[in-house]
């Protein structure tokens, strides 16, 4: 008999997909994957299709949640104008409503609920508004800007004050993983950009801006941290940065991307992926046919991840501010795992190639 049942909301996303795979591999865990669109799931995983913005739809499936002991809330709503949407009240209200709707459906049904894990990110430190401290630490006061993180956290804290369950906040940085149509999938965007450049007979030029120090979070590491959070008392009602443990300068690992695609590393040539890459649908169609990839268009594969990747690569910014998250608190509390960021990027590019979403 399973000791734990985890409900993973946002199971089709970069974090959610890795979490489903991780928890499904563990003994004593039953996994319920929640997403609006059906996606392939590991053996033994129960999938529930629901639109989290629809409160009544969440209530209609609530009987499926009676045995849930853990919730991992990795669902995310982003507006088409990704970066502008980070300051948009509509985006904030939808993300708050999605969490509220699943809690309203889950709490009465799952009387044995013990833990809730939910996601924030580097915007918690205001790095998209102004340069953030180096390193960013969880003990810092809330950055004074409107953000759905604070709406969700206030909701969770209010509910937890009268509940038997505890919660943990995880703050990753640039997440490496894969999912189709994710709004913030830098691996897919970099891989597709490389494939198009190769198809056009061009070297792998670096399209971003100036050098800066930042970091990344392998989605497998986030999943393992979620397991830690949900099974260790020390993590009750705590907030943790969760990053790979090293640092990242994109220009310094760009050559490994070129090598994976059998390309020559090019030059630093500013290039807006957001503005330029949508014009390459015909090129992508040739790539799909030549390499027998899954029949997914470039728009379907990448979506607004072009915008996110431009942001991550600091396109148009000559002197980006460093963005470094401290991992000390999580390590001091007992979670010692880490990932090599360059190897992590290579792993997820390989996974997308093996899934026939990117060419080899």
Confirm whether residue 233 is closer than 22 Å to residue 194 by Cβ and exposed (fewer than 15 other Cβ atoms within 10 Å of the Cβ).
-> no
Counting only residues that are over 13 Å from residue 195 (Cβ atoms), free of Cβ contacts under 8 Å to residues at least 12 places away in the same chain and more than 17 Å from the chain's Cα centre (by Cα), give me the helices (runs of 4 or more DSSP H) lying completely in the range 273-360 with at least 1 of them.
-> 273-276, 281-291, 328-332, 341-354
Enumeration of residues in the range 198-227 that are assigned to a helix (DSSP H, G or I) and surrounded by 22 or more Cβ atoms within 10 Å (Cβ to Cβ) | 219, 221, 222, 223, 225, 226
Would a scan of the range 65-77 turn up a residue that is closer than 20 Å to residue 12 by Cα, modelled with pLDDT under 95 and either assigned to a loop (DSSP other than H, G, I, E, B) or touching a helix residue (DSSP H, G or I) at 6+ places or on another chain (Cβ under 7 Å) (or both)?
-> yes
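Here is a yes/no grid of residues against (1) part of a loop (DSSP other than H, G, I, E, B); (2) over 22 Å from the mean Cα position of the chain (by Cα); (3) at pLDDT 95 or above:
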| residue | (1), (2), (3) |
| --- | --- |
| 91 | no, no, no |
| 103 | no, no, yes |
| 118 | no, no, yes |
| 128 | yes, no, no |
For residue 138, are the conditions met, namely being modelled with pLDDT of 95 or more, under 17 Å from residue 121 (Cβ atoms) and assigned to a helix (DSSP H, G or I)?
-> no
Is there a residue being touching a helix residue (DSSP H, G or I) at 6+ places or on another chain (Cβ under 6 Å) and surrounded by 15 or more Cβ atoms within 10 Å (Cβ to Cβ) anywhere in the range 34-42?
-> no
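The values are calculated or read from the model by the stated rules, or taken from the named source; none is laboratory data. Not measured: the values here are computed from a predicted model. Cβ atoms come from the backbone with ideal geometry, glycine included; neighbour counts cover every protein chain shown.
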